[in-house]
1. Pick out, in residue order, every one of the trypsin sites (Lys or Arg not before Pro) in the stretch 147-178 that is DSSP loop and has at most 10 other C-beta atoms within 10 Å; say none if there are none.
2. How big is the dipole moment of the chain about its Cα centre under a simple scheme where the beta carbon of each Lys and Arg is +1, that of each Asp and Glu is -1, and everything else is neutral? Debye, nearest 20, please.
3. Per-residue ellipticity at 222 nm for the chain, helices alone: DSSP H runs ≥ 4 residues times -39500 (n - 2.57), over residue total, nearest 500 deg cm²/dmol?
4. Defining a contact as two alpha carbons under 8 Å apart and six or more residues distant in sequence, what relative contact order in percent does the chain show?
5. Calculate the tail of P(r) for the stretch 82-133: the fraction of all Cα-Cα distances greater than 15 Å, expressed in %.
6. What is the distance, in nm, between label points placed 7 Å from the Cα along the Cα-to-Cβ direction at VAL43 and at GLN120?
7. Tell me, what does the Kirkwood hydrodynamic radius of the stretch 118-173 come to in angstroms if you use every pair of distinct C-alpha atoms?
8. Calculated FRET efficiency, LYS52 and THR176, Cβ-Cβ r, R0 30 Å, to nearest 0.05?
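No value in this document is a laboratory result; all are computed from the given coordinates. As the structure is a computational prediction, the values presented were derived from the model and not from experiment. Virtual Cβ from ideal backbone geometry, glycine too; neighbours counted across all protein chains shown.
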Amino acid sequence: MHVLLAALLVTLFSGCATKDRDHVLLVSVPDQKMLLLERGIPVVTYRVSTSKFGAGAADGSYFTPLGVHEVAAKIGDGAPEGAVFKDRRPTGEVLRPNAPGRDPIVTRILWLRGTEPGNQNSFQRYIYIHGTPEERSIGKPASYGCIRMRSRDVVQLYEIVGRGARVEILSTPLPTTF
């Protein structure tokens with residue numbers, strides 16, 4: 001068990017792994033949208049939901065942190081759409097979109113690490129890009145700090161971007177020209 005944990009920690013925190021330098025995610029809090037860029041070229045725009053409490057990085061808050069981040073870890077390889085995660089582990093439960101009741105993290109997790117002095121606590125705050133069963137709330141601020149996506153969208157994103165991909169969470173609208 002200790003060997004498995006050590007291997008996981010090396011994988012999560014290793015600086016030796018090749019970082020994804022081809023992809024950038026721009027997340028606009030006012031637009032509630034995410035733009036995926038590949039080598040500077042717009043590829044796809046997704047509707048998302050950021051925090052219903054606003055933007056910021058205070059410890060213990062439910063704010064979505066602004067600024068530059070990177071994808072520190074990817075969790076959920078091969079899980080079905082709607083697979084429920086608790087403490088970043090699949091529970092075996094699968095929820096359909098807009099299932100009544102709870103609002104857990106589902107499908108995939110892209111765990112973010114802040115790279116600027118104002119957001120370096122993002123990893124410790126468990127700030128993710130993840131799927132939500134509450135798909136009807138996508139496009140409106142609804143999360144508790146994370147960036148929520150539809151399950152089918154987060155599966156697609158997860159397959160495209162790698163660890164180390166740059167994520168910029170903006171307090172401004174998405175750019176319209178490149």
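1. Values: sites: ARG148, ARG150, ARG152, ARG163, ARG166; in loops: ARG150, ARG163.
Nothing satisfies the criteria.
2. Values: 22 positive and 17 negative charges, 39 e Å.
It comes to approximately 180 debye.
3. On the way: 2 runs with 22 residues, N = 178.
Calculated mean residue ellipticity at 222 nm is -3500 deg cm²/dmol.
4. On the way: 431 pairs, mean separation 56.1, N = 178.
Relative contact order here is 32 percent.
5. Values: 645 of 1326 pairs.
The proportion of pairs with Cα distances above 15 Å equals 49 percent.
6. Distance between the two pseudo-spin positions: 3.0 nm.
7. On the way: mean 1/r = 0.0788 Å⁻¹.
One decimal place: 12.7 Å for the Kirkwood radius.
8. Details: r = 26 Å, r/R0 = 0.88.
The value I calculate is 0.70.
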